[in-house]
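Structure record follows, encoded as structure tokens.
The values are calculated or read from the model by the stated rules, or taken from the named source; none is laboratory data. Just so you know, these numbers come straight off a predicted model, no measurement behind them. With ideal geometry, Cβ positions are generated from the backbone for all residues, glycine too; neighbour counts draw on all protein chains shown. The protein model used for the area step is the full one, side chains on, heavy atoms only, and it has no ligands, DNA or RNA in it. Shrake-Rupley method; radii C 1.70, N 1.55, O 1.52, S 1.80 Å.
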Amino acid sequence: MRTELSKAVARAWQALGACGVWWTGEERLTIAREARAARHCALCRQRKAAAIPQAVVGSHTTATVLAPPAIEAIHRIVTDPGRLSEAWYKNIVATGLTEEAYIELLGVVAVTTAVDTFDRALGTPLRALPPAGAGQPNRRRPSGAKPGLGWMPMLAPEDVTADDAPLYTSGGRSGGNVHRALSLVPEAMMQFWDMFEPMYLHQSQMRDFGREYRAVSHPQIEMMAARVAVQNQCIY
Amino acid sequence: MDLLRRSGDHSGTDYGLDGIVDGNGGSGVGHEKELLAFVDATITGTAGEIAKARAAVESGLGREAVIDAAAVIAGFDAITRVADGTGIPLEPPKAEASADWRARLGIDDYWTAKV
């Protein structure tokens, strides 16, 4: 395996247990544990099969004691991401999960999903969760974050200040919409993209069609990416 | 899919998108059958189905391709959740450039499924 890839996956996995900006290390591991459990939730299976998921009432099969809005967010992100809506998100926030905590939770679910899917594809056992790190979240929200692009405020490249983590410049990232998605918590954005780019391609490689950087070609990579998006009903 | 089209523009190949959406193939991409089966098995299949699909990719493209393909599948299984969990829109130029084939392939219908 490419060293860059194995190191990136290992680093992202270890970071799950580190203290976050809005959740402690132990809480982040609890989110990861719940994300794994969501795949076996009977209510989520029934909702996935229903025309309107909210029409199916009941309780999630949980593995943790996270608050109900966090449980609902994790389960829907894991099991039915293509039908998430702004109304659903607003209800999550209205019932007690802050916007920043939601974004960091989403980042943890995304890393857990990526690493577990990687291991499942390779036929290797799901890895044990890392140990929890010490520390308390500093709950710092970037001052330049503004509403208007997605459902929650986001931090555009031109609004990054010296107090913010270098979420765009550190990876040569242009600041496209998908880069901005997790930017309300810059550290969460960087943890995700520092793992994602070695899995896929770095920005400078994406349109460099004259050279191949992986053991699969540009067209093969883009075909697989498109098929995953179709499977997950993702328009982006 | 936009980057697949651009890749085709570079090589002078007109890759078909329909078969990627409906799963029936015909895109013109090399080893399409093995790679699409690997995607589908990993996202929705059993461990046995994944193992069979993985073996087919390894037979056709080699071990390093299996690893890189697994990484692509894994990365996009996650980034689709990031995109769908934040409500980010397509950038206007991308939306404009893809409007015709998104409508033709039924991808715009994904919006109406959001509840």
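Where the alpha-carbon atoms of the stretch A:147-202 are placed on the principal axes, they occupy 30, 25, 17 Å, in descending order. The listed peptides A:103-111, B:18-26, ordered by packing as a protection proxy, come out as A:103-111, B:18-26 (highest mean of other Cβ atoms within 10 Å first). Of the GluC sites (Glu not before Pro) found in the stretch A:128-235, the ones in coil according to DSSP and having at most 16 other Cβ atoms within 10 Å of their Cβ are A:Glu212. Per-residue shielding of A:99-106, expressed as the average number of other chain Cβ atoms within 10 Å of the residue Cβ, stands at 1. Both numbers refer to the Cα atoms of the stretch A:63-163; Rg and Dmax are 15.9, 44 Å. Dividing the summed -39500 (n - 2.57) terms of all DSSP H runs of n ≥ 4 by the residue count of chain B sets its mean residue ellipticity at 222 nm at -22000 deg cm²/dmol.
Mean per-residue shielding of peptide A:111-118 is 6, counting Cβ atoms of other chains within 10 Å of each Cβ. What number, in nm² with one decimal, is the all-direction average of the projected area of the convex hull of the alpha-carbon atoms of chain B? Answer in nm², one decimal: 8.3.
Listed as lacking a disulfide-compatible partner in chain A: A:Cys19, A:Cys234, by the criterion of no other cysteine Cβ under 4.7 Å. Accessible area of A:Arg140 (1.4 Å probe, protein heavy atoms only, ligands and nucleic acids ignored): about 80 Å². With R₀ fixed at 22 Å, the C-beta to C-beta distance from B:Ala97 to A:Arg207 puts the FRET efficiency at about 0.95. With the Kirkwood sum run over all distinct C-alpha pairs, the stretch A:1-107 has a hydrodynamic radius of 14.8 Å. Shielding value for A:77-85 is 5, the average number of Cβ atoms from other chains within 10 Å of each residue's Cβ. All alpha carbon pair distances within chain A were sorted into 5 Å bins beginning at 0; the resulting P(r) in whole percents reads 1, 6, 13, 17, 20, 18, 14, 8, 3, 1, 0.
Peptides B:29-35, B:81-87, A:8-14 ranked from most to least packed give B:81-87, B:29-35, A:8-14, packing being the mean of other C-beta atoms within 10 angstrom over each peptide's residues.
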